[in-house]
Every structure is written in C-alpha cells, then in structure tokens.
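The block underneath contains the structure these notes are about, expressed in structure tokens.
Coordinate-derived values only; no laboratory data. Computed from a prediction, not measured in an experiment: that's the story for all the values here. As a convention, Cβ positions derive from the backbone with ideal geometry for all residues, glycine included, and neighbour counts pool all protein chains shown.
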Amino acid sequence: MVAQRVHEVEISGIRKMFEAAPPGAVNLGLGEPDFEPPAEVLRALGQAVLHGMNHYGPSAGLPALRDRVAERYADRAPATTRENVIITSGGSEGLMTAALTLYDPGDEVLVPNPGFVLYGPHARLCGATPVPYALSERRGFLPDLAQLETLVTERTRALVVNSPSNPTGGLIPRPLVDRLLEFAESRNLTVISDEVYEEMVYEGKFASFWRGGDRVVVVHSFSKMFAMTGWRLGFLVAPRALAADLNKIHYHMMACPSTPAQAAVLVGLAEASDAPARMMREFRARRRLIVQALNAIPGMHCVPPAGAFYAFPGFDWEATASEVALALLGRGLISTPGDAFGSLGARHLRLSFAASRPDLKRGLAILAAYGAEMASR
Ligand SMILES: Cc1ncc(COP(=O)(O)O)c(C=O)c1O
C-alpha cells in the first residue's frame, strides 16, 4: 500500500525506550536541554503573536534573521551573506533538505558510526546508501582519514560530520577539520557538517567546517542553543548557488519556517547571547559528576565528552546494549542503547546529563547497583 521508502526506515530506538518506561522512571534518555528559553525570547514570542506576526514569511526566512546568522559566520568566511543562509524548521529539516538536495538514488554517503540517528535513514529515503565510517573510542571518537580513503568509491557523494558529536561527545580539532576538508576536495565530496552543539564545548575549541568555498553545508539549530527544541527553528549555511537549490526543496517541504519563532530568536540573538554559556555552567558541573560516577562502576568506563551533553560509557558485561538498557529500564532508569547509533555503539550506553543533579544521582545509583550485580555474576 505505501511507498517502498517507508519500509527503509524505522522509528528511532530512542523513542522506543520512552514508550516502554515505567511511571516515575529517571529519564537520562533526553536529547534536549532541561532549561526554558531565555526570558527575553519568551517575551518576544508573545509580542510577535500579539502584534500580527502570524502569517507566512519568505521561504528562506526573515531577511533580518538571515543577516544576523550570516554575521556569525563572517569571521569564518568574510564573504558570508544572507544569500548563504536558509532558516529551517530545526536541524532535522535542515538535514532532510540537504539530503534531498544532494543525494541521488544509487549515491553513497559517508556517515559516522556511532552517529546521530537521522543521517543513515535520510540517505535511504533518497534512495542512497549510507556507508558508515568508524568513530572508535580508541581514537577519541574521531574520524580516521585512512579509513575514509578506503570507503570512497566513484558513487560517494557526501561526507556527514558532526562535531561536537551526539552520541560520543567527540570534538573534531581544527587540524583534522582542515584535513577532512582537503579530503572532501580531493574526492569531490560535499561535506554536510552538523554543528548543532557548537555552543556546548567543555574541552578544546570548536572548529566550524564553514570557510566559504563550494563544498560545505552547515546544519545548525536554535533548539539546543536557546533550549527551544519544541519551537522547531534552525538554519543551513551553504554556498550561494547551492543555498538557492536547498531553498527550493525547503519550500516544497515547509513553505516557510515559523514567523513568530523567527522574530523571537532575532531578539534572543541580540539580547540573550549569553544563554548557552549560562546553561553550560550547569552542564559542566553535571559532566564532572556523571563521568566520575561512571568510571567508578565496575565494568564501565567513560571518556569525558568534549562537547554536547551526553556521556557515552562503554561496558564489558556479558550483555548487549539493548539488554542492559532494558534491565535498567525495569529498575527505573531510561537510557539509550548505544547501538541505536550504529553497530559500533554496541557495547555502550548513551546517558544524557540534560537532567537535574538529583535525577542524575538517582539514575547513577541505579546504574551502579546494576553494575555491582553484573560484576558479581
Ligand atoms: C546531532 C544532532 N543533529 C541534529 C539534531 C536535530 O535537532 P533539531 O531538529 O531540534 O534542530 C539533533 C537533535 O537531537 C542532534 O542531536
């Protein structure tokens, strides 16, 4: 009855865990900041809807917001202007728009393993084949150029990168960004760089893939930056000619992004630019707490995440990630099995620290008790 592509994708493993959770379970499965958007932004949204900003706007977004985003990128490539920017309905739509604009049936797309849950399915929905490249713990969860070289064929169209990474927290340092860009250039690939966690870095320095040029599409979002995942607003930064093509596809999916949300974010960028730093103070303290607690559990080890708000501990118990996650669920802790992000997540869990410190401590106590039980088997 339905198109073949429907059979190519599944509802993500993360959602399945929520559906099976007992009441009162501690939720460390969250992929969103547990904060509210800045007060200035909330007020601006109210003003926008009360003063008539309730209608369709330009498909590529409000010119003033596109200008403001372009300004943020001008220090990376001075010629960046609003023509390089498309405002999207979140990073998710940005990723799908990029996929539909760039991938033809039969193409191959290099995607991180483990990596965010949409990259592979988006390729498949376009009739392309996702080709996983490893982010191994041994290499600090960073891409290995030598492996990438072996995976490229004449069908390879694009390289998807994500720094800071969901789920690993890995941050690609500037020299490796440069080498990946050279690799893409030499192999004629477009880089789709998911930078939605740019503002969430604990160690090292964030390096954007955007340099102008004609090979990079940056996917970004206001979701995490302003704790407004439910507002659905993000953006793409791309070479001008490609931005015009991205806008065509974006128009056919969304018509335009939310007008009042854009008006409010515009105020947020001017008046609440310190909002991510405020959240980061709390995330930093929680990160210390969770990494320490995880490394004290027998059979578990955790590389401190350089960015984002997830711990991605490995375990050496005799169990699969799904078995561990289900056992924890039964004890009242929602986590995400690492293999929801690809085969190399098979011996990991993802635990979000976008949860209050009391919740974190409760969740970690459940995990510690489980770890002690597994160790004594
Ligand atoms: C790596 C990554 N990219 C993109 C997104 C999409 O976020 P949104 O659609 O809310 O902007 C997420 C959300 O969790 C993410 O973790």
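Could you compute how fast segment 157-281 diffuses translationally, taking Rh as the Kirkwood radius over C-alpha pairs and applying Stokes-Einstein at 4 °C with viscosity 1.567 mPa s? Give it in µm² per second.
Answer, rounded: 82 µm²/s.
Convert each backbone phi in segment 143-156 into a coupling constant with the Karplus relation 6.51 cos²θ - 1.76 cosθ + 1.60 (shift: θ = phi - 60°), then list the ³J(HN,Hα) values in order as whole Hz, x for Gly and Pro.
The phi angles translate into x, 10, 4, 4, 5, 4, 4, 6, 8, 6, 10, 6, 8, 5 Hz.
Along each principal axis of its Cα atoms, how long is segment 246-377 end to end? Whole angstroms, biggest number first, please.
Its Cα atoms span 57, 34, 25 Å along the three principal axes.
Given 25 °C and 0.890 mPa s, how large is the Stokes-Einstein diffusion coefficient of segment 53-271 in µm²/s, with Rh as the Kirkwood radius over Cα pairs?
The calculation lands on 141 µm²/s.
Can you give me the Kirkwood hydrodynamic radius for segment 89-141, using every pair of distinct Cα atoms, in Å to one decimal?
Computed over Cα pairs of segment 89-141, the Kirkwood hydrodynamic radius comes out at 11.5 Å.
In whole percent, what relative contact order does the chain give with Cα contacts below 8 Å and a gap of six or more residues?
26
Put a dot 7 Å past each Cα toward the Cβ at R76 and E271; how far apart are the dots in nm?
Spacing of the two 7 Å Cα→Cβ label points: 2.8 nm.
Please identify which residues in segment 186-200 have an amide N closer than 18 Å to a label point set 7 Å out from the Cα of M253, following the Cα→Cβ vector.
190-197
To the nearest 20 debye, what is the magnitude of the charge dipole of the chain about its Cα centre, counting +1 on the Cβ of each Lys and Arg and -1 on the Cβ of each Asp and Glu?
So the magnitude is around 600 debye.
Between A365 and L42, what FRET efficiency comes out of the Förster formula 1/(1 + (r/R0)^6) with R0 = 25 Å and r the beta carbon distance, rounded to 0.05?
About 0.10, to the nearest 0.05.
Largest first and to the nearest Å, give the Cα extent of segment 10-77 along each principal axis.
Between the extreme Cα coordinates on each principal axis of segment 10-77 lie 46, 37, 26 Å.
What fraction, in whole percent, of alpha-carbon pairs in the chain exceed 35 Å separation?
24
Grab the alpha carbons of segment 79-119, take their convex hull, and tell me the volume per residue in Å³.
For segment 79-119, the hull spanned by Cα atoms encloses 114 Å³ per residue.
Report, please, the projected area of segment 312-363 averaged over directions, based on the convex hull of its C-alpha atoms, in nm².
The number I arrive at for segment 312-363 is 3.6 nm².
Cα gyration tensor of segment 293-339, axes a ≥ b ≥ c as square roots of the eigenvalues: rounded (a/c below 1.5), prolate (a/b > b/c) or oblate?
prolate
At 0.36 nm per residue, minus the direct Cα-Cα distance, what do A3 and R174 gain on full extension? Give it in nm, one decimal, please.
Taking A3 through R174 to full extension adds about 57.3 nm, to one decimal.
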